[in-house]
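Structure first, then comments.
The values are calculated or read from the model by the stated rules, or taken from the named source; none is laboratory data. Being a predicted model, the structure only gives us computed values, none of them experimental. Positions of Cβ are backbone-derived with ideal geometry, glycine not excepted, and every protein chain shown enters the neighbour counts.
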Amino acid sequence: MIQIKLNFALSLSILLFLFMISIKSYGYAEIHYTFWGYSLINRHAPEVILDAPWRVESGEPIPILCVVKDADRFPINLERITAKCKTEDGKIYTFNIPLESQSLNIAEHYWYKLDYIELPYKYAGKLQITLEAEFTRKGRRKIIISDNLSGLSHSPFSTFVSSDSLPSIDGWFYGDSHYHSDMTQDQVEFGAPVDVAVKMGKSIGLSWFAVTDHSYDLDIAIGQYFKRDPNHTRWQNIQDEIREANQKYLDFAVLPAEEVSCGNCRNHNVHLLAFNVPDFIPGSGDGVKNGLLYKKPDLTIQEVLKLIKDKGGFAYSAHPEIGNGFMGTLLLNRGHWHYKDLILEGSSGMQFWNGEFNPKFDHSRKTWINLLLEGRRTYLLGGNDAHGDFNRCRNVKYPNTILKENENHIFGKVRTFAKCENGISVSGVFDALKKGKTIVTNGPISILQVQNDNGKMVDVGGEISGRDFNLIIDSASSDEFGRIEKIDLYKGDLVNQTENIEKTFSPVRSDTNKHNFVHKIVYDNPCYVRLEAFSSANGRQYKCFSNPIWLL
């Protein structure tokens with residue numbers, strides 16, 4: 001009997017270890033889920049998370065966020081929220097965020113407060129923001145800095161106050177194509193509400209973002225980890241929030257979307273971004289909602305793509321070549337997009353720039369180029385997979401065991417720049433994403449247009465015919481992202497299936513950080529042209545990739 005118990009304990013320990021190393025998370029850390037009673041990060045208090053944007057423009061108010069989650073299980077009295085701002089020259093300014101009452105009782109599942117602070121003068125430069133919250137629970141007083149999550153730095157936030165707006169060109173608008181709201185809530189992570197993301201986005205310099213909550217969370221009852229909700233209340237709630245935001249903020253667009261778990265050619269779970277689909281698409285294969293033994297995809301990629309097309313939407317593969325490793329495949333049946341998946345009819349392209357420091361970026365870039373050289377109209381999309389995460393990521397490294405911090409998936413760091421000729425709108429951004437009228441950047445911008453010998457002009461994502469072409473390049477950067485060091489113009493020969501640099505432009509220094517070039521090409525074979533631009537500032541390199549234009 002003792003041996004049986006020891007064997008069971010050993011088996012349980014092995015299973016727990018395998019489970020821990022198999023799940024990746026990106027969002028605010030969920031600490032209250034326990035695996036068979038085991039957790040080293042669980043605390044008898046709600047998650048209290050403070051946040052601020054990673055950049056703002058000089059002279060603009062700075063939004064400060066406080067999120068309290070699971071206070072329905074662990075009620076608290078919030079006494080104060082304080083922001084202490086330290087400038088590069090050592091000046092310190094302290095702000096108290098006003099609360100609805102002196103000792104605010106919070107007993108809700110998800111509570112948040114967003115307010116603004118303003119520096120007394122038009123400061124520009126690095127700003128260190130120390131956010132403190134003081135609360136009591138069962139008579140015990142607690143003061144936290146940044147959050148109350150165990151094992152993290154609790155260090156001040158770093159916000160860059162820029163003297164310039166993000167580099168701009170008329171008719172183009174910045175956004176984030178991959179964001180998770182508070183309707184993404186599960187065993188390891190949760191996000192922040194739509195209204196919060198709009199306010200943070202506006203401060204950062206964005207004009208739109210897409211709400212891409214997990215399919216395996218959207219059919220779960222609110223406040224639950226596993227209980228199914230046949231009414232899809234989370235899905236309905238997020239549609240209402242998106243609708244309300246678009247009615248409230250006329251200078252901002254919030255896109256309805258979904259991150260769908262579906263089956264690849266090997267029947268492994270992968271993720272797909274479904275845009276502009278009016279109905280919920282089921283996908284629970286890798287959500288561990290039915291136990292580790294039930295992990296088969298609900299639908300295949302092909303089935304989901306057909307459903308999206310029938311509903312009038314469009315799709316991109318989400319972080320297509322980032323899997324969860326061997327254990328993720330074994331326990332969650334997770335995989336990645338293979339060639340057979342990427343060429344399926346109905347996919348607009350690849351969202352392979354997923355966060356600033358993507359380890360698979362170079363490999364995915366090569367995959368994208370190979371697809372282009374085969375003549376496929378595969379567009380590039382960029383996003384961050386942020387779940388809140390407006391300044392730093394605080395998420396689960398190993399479930400129930402260790403938390404971590406990083407800056408890999410910060411909202412708005414990787415930006416998709418979309419052309420909307422008639423101004424910002426949901427329909428305008430959808431049209432740009434669907435047709436590839438976009439570039440992706442984490443710093444400078446470089447816009448490509450082509451004019452043929454008849455005077456016709458076309459933007460990225462389009463095609464044009466003729467014999468002689470003028471390639472018109474408009475580029476811009478700022479002191480924040482540094483001078484543009486080079487712009488590589490690539491030409492992909494669709495007959496010989498080779499891509500080479502047609503020309504490299506090295507801009508001279510400019511007070512405005514804006515540059516214009518014209519390059520002539522004489523038609524020989526069907527081809528495409530695209531741009532890659534690079535800048536650097538403070539020891540960091542920034543880059544910009546354009547979608548192609550096809551010369552036929």
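Restricting ASP362, ASP389 to those that are closer than 24 Å to LYS543 by Cα, crowded, with 24+ Cβ neighbours inside 10 Å and acidic (Asp, Glu) reduces the list to ASP389. Checking each residue in segment 496-552 for being of a type in the set (Lys, Arg) and part of a strand (DSSP E or B) picks out LYS503, LYS514, LYS520, ARG530, ARG540, LYS543. Scanning segment 117-133 for residues that are within 19 Å of LEU50 (Cβ to Cβ) and either among the hydrophobic types (A, V, I, L, M, F, W, C) or surrounded by 15 or more Cβ atoms within 10 Å (Cβ to Cβ) (or both) gives ILE117, LEU119, LEU127, GLN128, ILE129, THR130, LEU131, GLU132, ALA133. Just one of (1) under 18 Å from HIS44 (Cα atoms); (2) surrounded by fewer than 16 Cβ atoms within 10 Å (Cβ to Cβ); (3) not small (Gly, Ala, Ser) fails for PHE74. It is (2).
Among the candidates ALA52, ALA45, the residue that is within 16 Å of ILE145 (Cβ to Cβ) and over 22 Å from the mean Cα position of the chain (by Cα) is uniquely ALA45. Being surrounded by fewer than 16 Cβ atoms within 10 Å (Cβ to Cβ), in contact (Cβ under 8 Å) with a residue 60 or more places away in the chain, within 23 Å of ASP362 (Cβ to Cβ) and over 30 Å from the mean Cα position of the chain (by Cα) is not true of THR504.
Of the residues making up segment 273-294, those that are at pLDDT below 95 and surrounded by fewer than 21 Cβ atoms within 10 Å (Cβ to Cβ) are LYS289, ASN290, GLY291, LEU292, LEU293, TYR294.
Restricting segment 331-381 to residues that are touching a residue at least 40 places away in the same chain (Cβ under 8 Å) and of a type in the set (Phe, Trp, Tyr) leaves a set whose member that is farthest from GLY27 (Cα to Cα) is TYR379.
Identify, please: which residue in segment 395-418 is within 18 Å of ARG55 (Cα to Cα) and part of a strand (DSSP E or B) and is, among those, nearest to the chain's Cα centre (by Cα)?
That would be ARG415.
Cβ-Cβ contacts under 6 Å between residues 6 or more apart (or on different chains), taken from a first residue in segment 521-540 that is farther than 19 Å from LEU372 by Cα to a second residue that is of a type in the set (A, V, I, L, M, F, W, C) and not in a strand (DSSP E or B), are listed as SER535/PHE481; ALA537/PHE481. Take the residues of segment 137-171 that are assigned to a strand (DSSP E or B) and touching a Ser or Thr at 6+ places or on another chain (Cβ under 9 Å): which is nearest to CYS66 (Cα to Cα)? Per the criteria, the residue is ILE145.
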